[in-house]
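Written out below as structure tokens is the structure these notes cover.
The values are calculated or read from the model by the stated rules, or taken from the named source; none is laboratory data. These numbers come from a predicted model, not from an experiment. Ideal geometry is used to build each Cβ from the backbone, glycine not excepted, and the neighbour counts take in all protein chains shown.
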Amino acid sequence: MQTLFAESHLWLRIATVPVYVGAIVLISELLHRYTNTKPEQVRKVVHIGTGNVIIIAWLLHLPAWVGIISGILAGIVTLISYRLPILPGVNSVGRKSLGTFFYAVSIGILTAIFWNLDLPHYAVIGILIMAWGDGLAAIIGQKFGNHPYLIFGNSKSWEGTLTMLVVSYAIVSSVLFSVQGNIWQTWCVGIPVAIAATAVESIAQWGLDNLSVPLMSAGLAFFINQRSIG
């Protein structure tokens with residue numbers, strides 16, 4: 001009886017992932033179809049919203065296969081939607097980009113690596129930096145970006161870049177603080193990670209930042225923090 005209860009409880013926890021993601025996609029489509037919300041803003045709703053699924057998986061102690069399968073399925077659906085207009089609100093970016101696909105791939109890869117190492121917080125760091133750092137940088141840059149610059153063909157603003165830097169540092173420090181408390185690594189590891197994430201996001205092309213930023217951020221945080229802790 002206890003085994004059956006535990007299994008049913010697990011499936012209830014797992015069910016929160018598709019329910020949550022489905023709600024985010026539904027909201028984005030409603031915004032796209034029935035409001036005057038700009039396509040890029042709709043996409044950022046999905047970008048930030050779906051990234052939070054990694055927190056759900058972490059807090060609910062979901063098994064690694066949930067994130068891996070979710071990443072695969074999301075990647076397949078995204079590729080199909082590039083050819084068929086099944087998710088116009090998600091992919092209507094007005095430019096050539098495989099960013100949404102790479103985003104799904106990064107979730108699957110980071111879950112596969114760090115869940116199996118029993119260090120899921122590094123996957124959380126990588127995905128949240130991409131979700132909130134990049135997402136808020138775009139929003140702030142578009143609204144308040146009065147100091148633009150061009151780097152490797154990418155049009156950026158100093159306001160957006162600073163947002164990416166600050167938010168990335170805040171994410172690393174917050175996640176590490178929740179895991180290891182108030183030690184010097186908690187407040188120092190985020191500095192190089194935030195700088196690297198911001199640099200990579202600034203130069204990435206064709207949506208590759210949705211893959212390179214999460215993988216690099218998670219990997220660098222893992223490398224620096226684990227080596228310094230010993």
The condition from (1) surrounded by fewer than 22 Cβ atoms within 10 Å (Cβ to Cβ); (2) in contact (Cβ under 8 Å) with a residue 24 or more places away in the chain that Y122 misses is numbered (1)
Go through (1) surrounded by 12 or more Cβ atoms within 10 Å (Cβ to Cβ); (2) farther than 18 Å from G126 by Cα; (3) more than 16 Å from the chain's Cα centre (by Cα); (4) not basic (K, R) one by one and return the number of the condition L62 breaks. (2)
Quick check on my filter: what residues within segment 127-151 are touching a strand residue (DSSP E or B) at 6+ places or on another chain (Cβ under 9 Å) and either part of a helix (DSSP H, G or I) or touching a residue at least 24 places away in the same chain (Cβ under 8 Å) (or both)? A137, I140, G141, Q142, F144
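Suppose we filter S202, S217 for residues that are part of a helix (DSSP H, G or I), of a type in the set (S, T, Y) and modelled with pLDDT of 95 or more; which single one remains? Let's see the steps before the verdict.
Details: S202 fails: modelled with pLDDT of 95 or more.
Just a single option satisfies the conditions, and that option is S217.
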Unique residue being within 29 Å of I171 (Cα to Cα), touching a Lys or Arg at 6+ places or on another chain (Cβ under 9 Å) and modelled with pLDDT of 80 or more when the list is L26, L62: L62
Those residues of segment 176-191 which are of a type in the set (A, V, I, L, M, F, W, C) and either in contact with a strand residue (DSSP E or B) (Cβ under 9 Å, 6 or more places away or on another chain) or under 16 Å from S217 (Cβ atoms) (or both), in sequence order: L176, V179, C188, V189, I191
Qualifying residue in segment 178-195 (condition: buried (at least 22 other Cβ atoms within 10 Å of the Cβ), more than 16 Å from the chain's Cα centre (by Cα) and not hydrophobic (A, V, I, L, M, F, W, C)): yes
